[in-house]
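Contents: one structure, followed by commentary.
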Amino acid sequence: MSGKITFTIDGKEIEARQGQTILEAAEDAGIYIPKLCQMKGLVPHGSCRVCTVMVNGRPQAACTQPATDGMVVENDTPELKGMRRDIIDMLFVEGNHFCMFCDKSGNCELQAIAYRLGICAPKFPYLFPNRDLDASHPDIFIDRNRCVLCGRCVEASRDIDGKCVFEFVGRGPHKKIAVNAEAKLVDTDIDITDKAVNVCPVGAIIKKRVGYAVPIGERLYDKEPIGSDVENNKK
Amino acid sequence: MSKDKPKVATASLAGCFGCHMSLLDIDDRILKLIELVDFDKSPVDDIKEFTGRCAVGLIEGGCCNEENVRVLKDFRRHCDVLVSVGDCAINGGIPALRNGIPLKECMDEAYLNGPTVHNPSGQVPNDREIPLVLDKVYPCHEVVKIDYHLPGCPPSADTLWAALVALLEGKPLELPYELIKYD
Ligand code: SF4
Ligand code: SF4
Ligand code: FES
């Protein structure tokens, strides 16, 4: 086996290495597939489903699905865009996203995907759930109102920092990010330099005293939509 | 005032008037705007009641009391196209921060327990002149049908201008990437 495979995304032929996921192969080829829970350097676990593509006519998570020779992938279709829009809409109404005062605004992946999809308002009713925050730590705080349960912090803390500071507890609407301590974040061994503090796609894990440092207009997603970096690499 | 200019009405419900300020921020385009439209019921000209049918209604703020609901329904009845302007109209905005707190606790904090409260009689205002406060703050599209949403806190002057021009020309409104902002 040569290790090379070819398949198509929206009719365009892609070359990939054996063992690559659809998402990895697409990004290498300069094709953006929206994603939220997946992050380079962490093992993908397919929890958010924003990256769903059609593979030979069936929905699959592009971040976990290995590319295989000859597969036919659809990515940029109205149906998939609509489905992604619904997922993003749900994430907005299921949390409490007050972007107007959020530290992460302009650099937030959830917000940026919403912008890219042209969302002006979610179509589902807001739930306004009661979620708590934890500002006990001197350098870091958790605002669960903005958590999208992507699991990046869990994985980064466990696999990269070797600490297991975060874990999910509860199920369904009661699922939330918990810390490995009797009570509060301050009682864990988390440190400001930990990888786990730098992976949150939204404003749920925030470093204190560095907020709003970059002015509006110069933030990550002010000028170019999320995914532009991938698309600009187009070979 | 010509008879056949389309009319625009605006209202600020549970908002801070920042979106109206943003409308004034269109600068000299305001001169062009008053050539294009007549303002009807609006704080801009202080007309209190509708004088007729309006082409476009702009709503700033969500619904936090029964008066807001009444005004919003009145706008829906009088306007061909109703637009939610800004995050408070779209998701309740800052006023909706009270949505997770029982109403009695909010009232007690505001009128009895807050650190800056001076209220020797210990009465929470309760007069029939004061609109009844709702259990929580509702986005406008959860109360009436809304045709378009202009997000932002506030939406930029350019966003408001682009939207008004498109709507007055009878074109569908699609905001370009740079004009969709939630902050
Ligand atoms: S986390 Fe993102 S989407 Fe949520 S409030 Fe902050 S900027 Fe907005
Ligand atoms: S806190 Fe952030 S990184 Fe952790 S699960 Fe929530 S959204 Fe993901
Ligand atoms: S990015 Fe693939 S499921 Fe979340």
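The values are calculated or read from the model by the stated rules, or taken from the named source; none is laboratory data. Being a predicted model, the structure only gives us computed values, none of them experimental. Note: ideal-geometry Cβ built from the backbone for every residue, glycine included; neighbour counts use all protein chains shown. Accessible surface areas use protein heavy atoms only, side chains included; no ligands, DNA or RNA. Shrake-Rupley method; radii C 1.70, N 1.55, O 1.52, S 1.80 Å.
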Among the candidates B:104, B:41, residue that is among the basic types (Lys, Arg) and under 15 Å from the mean Cα position of the chain (by Cα): B:41
Note on segment A:106-120: residues open to solvent by 10 Å² or more (accessible area, probe 1.4 Å), facing chain B (nearest Cβ under 8 Å) and either over 20 Å from residue A:51 (Cβ atoms) or under 11 Å from the mean Cα position of the chain (by Cα) (or both) are A:120
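For segment A:26-52, name all the residues that are over 16 Å from the mean Cα position of the chain (by Cα) and either more than 14 Å from ligand 3 (Cβ to nearest atom) or closer than 15 Å to residue A:83 by Cα (or both).
A:28, A:29, A:30, A:31
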What are the residue pairs meeting all of these: first residue in segment B:106-124, first residue closer than 21 Å to residue B:65 by Cβ, second residue in a helix (DSSP H, G or I), Cβ atoms under 7 Å, and 6 or more apart or on different chains? B:106/B:98; B:117/B:111; B:119/B:111; B:119/B:112; B:124/B:107; B:124/B:111; B:124/B:112
Could you tell me whether any residue of segment A:83-100 is open to solvent by 50 Å² or more (accessible area, probe 1.4 Å), outside any loop (DSSP other than H, G, I, E, B), away from chain B (no Cβ under 14 Å) and away from ligand 2 (no atom under 16 Å from the Cβ)? yes
Among all residue pairs at least 6 apart or on different chains, which show Cβ distances below 9 Å where the first residue, located in segment A:46-59, is among the basic types (Lys, Arg) and the second is outside any loop (DSSP other than H, G, I, E, B)? A:49/A:59; A:49/A:61; A:49/A:83; A:49/A:84; A:49/A:87
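What's the total number of residues in segment A:199-227 that are surrounded by 13 or more Cβ atoms within 10 Å (Cβ to Cβ) and without any contact (Cβ under 8 Å) to a residue 24 or more places away in the chain? If you could, list the steps in order and put the result at the bottom.
The initial filter retains those residues of segment A:199-227 that are surrounded by 13 or more Cβ atoms within 10 Å (Cβ to Cβ), namely A:199-208, A:211, A:214, A:219-222, A:224-227.
So of that shortlist, the ones also without any contact (Cβ under 8 Å) to a residue 24 or more places away in the chain come out as A:224.
The total comes to 1.
Can you spot a residue in segment A:128-144 that is away from ligand 2 (no atom under 15 Å from the Cβ), under 15 Å from the mean Cα position of the chain (by Cα) and open to solvent by 50 Å² or more (accessible area, probe 1.4 Å)? Break it down into steps so the answer makes sense when it comes.
Of all residues in segment A:128-144, those away from ligand 2 (no atom under 15 Å from the Cβ) come to A:128, A:130, A:136, A:138-139.
Going one step further and asking which of them are under 15 Å from the mean Cα position of the chain (by Cα), we end up with none.
No; the residues of segment A:128-144 include none that is away from ligand 2 (no atom under 15 Å from the Cβ), under 15 Å from the mean Cα position of the chain (by Cα) and open to solvent by 50 Å² or more (accessible area, probe 1.4 Å).
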Residues in segment A:149-167: is at least one more than 15 Å from ligand 2 (Cβ to nearest atom), free of Cβ contacts under 8 Å to residues at least 60 places away in the same chain and surrounded by fewer than 17 Cβ atoms within 10 Å (Cβ to Cβ)? yes
Tally of residues being more than 16 Å from ligand 2 (Cβ to nearest atom) and in a helix (DSSP H, G or I) across segment A:101-127: 3
Which condition number in (1) within 29 Å of residue B:35 (Cα to Cα); (2) open to solvent by 50 Å² or more (accessible area, probe 1.4 Å); (3) more than 9 Å from chain A (Cβ to nearest Cβ) is the one that residue B:123 fails? (1)
Cβ-Cβ below 6 Å, separation at least six or inter-chain, first residue in segment A:99-116 and among the small types (Gly, Ala, Ser), second near ligand 1 (Cβ under 8 Å from one of its atoms) and open to solvent by 10 Å² or more (accessible area, probe 1.4 Å): which pairs? A:105/A:99; A:105/B:183
In segment B:59-80, how many are of a type outside the set (D, E, K, R) and within 14 Å of chain A (Cβ to nearest Cβ)? 5
Restricting attention to segment A:53-79, and to residues there that are over 17 Å from the mean Cα position of the chain (by Cα) and open to solvent by less than 30 Å² (accessible area, probe 1.4 Å), which single residue is farthest from ligand 2 (Cβ to nearest atom)? A:71
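If I go through segment A:1-41 residue by residue, how many of them are of a type in the set (A, V, I, L, M), under 26 Å from residue A:146 (Cα atoms) and open to solvent by less than 20 Å² (accessible area, probe 1.4 Å)? Can you show your working first?
Let us first name the residues in segment A:1-41 that are of a type in the set (A, V, I, L, M), namely A:1, A:5, A:9, A:14, A:16, A:22-23, A:25-26, A:29, A:31, A:33, A:36, A:39.
After this cut, where a residue has to be under 26 Å from residue A:146 (Cα atoms) as well, the list is A:23, A:33, A:36, A:39.
Right, trim to open to solvent by less than 20 Å² (accessible area, probe 1.4 Å) and you get A:23, A:33, A:36.
Count: 3.
Against the condition surrounded by 23 or more Cβ atoms within 10 Å (Cβ to Cβ) and of a type outside the set (Val, Ile, Thr), how does residue B:16 come out, does it pass? Write out each step before concluding.
On the way: surrounded by 23 or more Cβ atoms within 10 Å (Cβ to Cβ): no; of a type outside the set (Val, Ile, Thr): yes.
So residue B:16 fails the test.
Could you please let me know if residue A:183 is under 28 Å from residue A:100 (Cβ atoms), more than 19 Å from the chain's Cα centre (by Cα), among the hydrophobic types (A, V, I, L, M, F, W, C) and away from ligand 3 (no atom under 16 Å from the Cβ)? Outline the logic, then answer.
Details: under 28 Å from residue A:100 (Cβ atoms): no; more than 19 Å from the chain's Cα centre (by Cα): yes; among the hydrophobic types (A, V, I, L, M, F, W, C): yes; away from ligand 3 (no atom under 16 Å from the Cβ): yes.
In short, no.
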Can you name the condition, by its number, that residue A:183 falls short on among (1) of a type in the set (A, V, I, L, M, F, W, C); (2) closer than 29 Å to residue A:114 by Cα; (3) exposed (fewer than 13 other Cβ atoms within 10 Å of the Cβ)? (2)
